[in-house]
Each structure stands twice: as C-alpha cells, then as structure tokens.
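Have a look at the structure below before the remarks.
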Amino acid sequence: MRVLIVEDNPHQAMFLRKPLESQMVAVDVAYDGEQALFMASTSDYDVIVMDYILPKMDGIAVCKALRNKDIQTPIVMLSGHSSVDERVTALDSGADDFIVKPYSVSELTARVRALMRRKDVHRHGDIVIHDMVIDRNRKIVSRAKEPIDLSPREYRILEYLCQNRGKVVSRYDILENVWGSADTLLSNVVDVHMARLRNKINKGSLKFLIQTKRGAGYIIE
C-alpha cells in the first residue's frame, strides 16, 4: 500500500508519516500543491492525505485538478477550520473524507485504512486483456484458459502494467510501485523480472501482450 502525504510543514509531515510506515505502508511526501499534483498524476497511490492550506496550489485546487484528470485516488483533507462550508467545499471538490485539526493520529490512520479497504473492493475485479484474464481476488493469471504460474513479484508487476494499460511504464515507475524504492541499483533486478514475466505471458501466443519500448520502458497495449 502507498500513501501520499501533502503537508508543507516537514515536522508535521514526519508526524503523519511514522505511524503509517509502522503499519508497513510506503509513504511519499509532497510539500506544496503543485508537487502533490505532479506526484499523484504520475504515480499510483492508494490514499492521499492532504492539508487544506498549501503553497502554490491549495488542497481544493489539487482535488479538483486530480478529479478533472479522472484520477480517483481517495483523498483525506486535513484542516484547522471546522466550518460546515469548508467541509462541503472540500467534499464537493472531490475529497472523500475531512478531518479537523487537532486530530488523533490513531483516528487518522483508521480512516486511511478504511479508504484503502474501500478502494480495494473496487480494485478486486477481473482484468481481461485479449485472451489473458487476471483474477484479482484469487491472484490467478491465465491465457487462453491456461494457467500461468507467476511469482508474487511477477504478479504485482503484471497487475501494475495492466493498471497503466496503454502507457509506457519505466523501470523507475516499477521500482517505485512494486519494490517501493527508486534505488537505481535495482534496475537490473527489474530487467530480470521483466524478462521472466514476458516469457511466461507471451510464450506460445501469436499476440505478445507485453512490449518493450527501447530506452523508455514497458507497455501493455
């Protein structure tokens, strides 16, 4: 699971980050609205925890921009004001939840977990591409009704590629979203896993689903 925290105060960001990481959640931090919009538009997050007041773009503007891009990542809005109008504005802009400061960290993490579960319900449908079927509830992959034996890492890479169908995914993207690290030392590890995955998925078929874009990354058309 990955969470994006959007908070311009580094100390407050760390205050939010630690309890989530203690629950084995990968956490990224953005310190202004423009950075948040870029990160949320280019990476796959399960939940965004965002302050209402931010430099460059406020939380409302970021929410609207993400929803206009059809990015439906659940968003928890944090605010120091408890007025009904502010809550309504946040929810109407696309936020899924609203928490007033000061708040309990345990309540915040509980709400984040609830949004993750809600997203997971919508996530767990079959993915069908050509003759390949991914049963996301049972984590079973098949082509032409023949089962394909994938390692957990290979399965996660395939699922991530399918989530970004039609988009070239770089090694950096895969490292960030599958390994939870952008350490360039792992780039060769990505190549090894991708070679095995391509062989398993494409083997015996006239239609190669996983394509390599030289110098750019990988894509499922």
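Key figures for this structure:
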{"item": "Checklist (1) of a type outside the set (S, T, N, Q); (2) at pLDDT below 90; (3) in contact with a Gly (Cβ under 9 Å, 6 or more places away or on another chain); (4) more than 18 Å from MET1 (Cα to Cα) applied to ASP97, failing item", "result": "(3)"}
{"item": "Lone unmet requirement of (1) under 21 Å from SER41 (Cα atoms); (2) buried (at least 18 other Cβ atoms within 10 Å of the Cβ); (3) modelled with pLDDT under 90 for ALA216", "result": "(2)"}
{"item": "Helices (runs of 4 or more DSSP H) fully within region 139-221 counting 2 or more residues that are closer than 23 Å to VAL3 by Cα and among the hydroxyl-bearing types (Ser, Thr, Tyr)", "result": "152-163"}
{"item": "Region 92-113: number of residues that are surrounded by 15 or more Cβ atoms within 10 Å (Cβ to Cβ), in a helix (DSSP H, G or I) and among the aliphatic types (A, V, I, L, M)", "result": "2"}
{"item": "Long-range neighbours under 9 Å by Cβ, at least six apart or interchain, first residue within 20 Å of LYS207 (Cα to Cα) and touching a residue at least 24 places away in the same chain (Cβ under 8 Å) within region 132-156, second among the basic types (Lys, Arg) and part of a strand (DSSP E or B)", "result": "MET132/ARG143"}
{"item": "Enumeration of residues in region 55-73 that are surrounded by 15 or more Cβ atoms within 10 Å (Cβ to Cβ) and outside any helix (DSSP H, G or I)", "result": "MET57, ASP58, ILE71, THR73"}
{"item": "Among the residues listed as ASP97, ASP28, the single one being under 26 Å from GLU159 (Cα atoms), touching a helix residue (DSSP H, G or I) at 6+ places or on another chain (Cβ under 7 Å) and not small (Gly, Ala, Ser)", "result": "ASP28"}
{"item": "Tally, over region 53-90, of residues that are in contact with a strand residue (DSSP E or B) (Cβ under 8 Å, 6 or more places away or on another chain) and touching a residue at least 12 places away in the same chain (Cβ under 8 Å)", "result": "18"}
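The values are calculated or read from the model by the stated rules, or taken from the named source; none is laboratory data. A quick note: this is a predicted structure, and the numbers were derived from the prediction, not measured. Because the Cβ atoms are built from the backbone with ideal geometry, glycine has one as well, and the counts that use them run over all protein chains shown.
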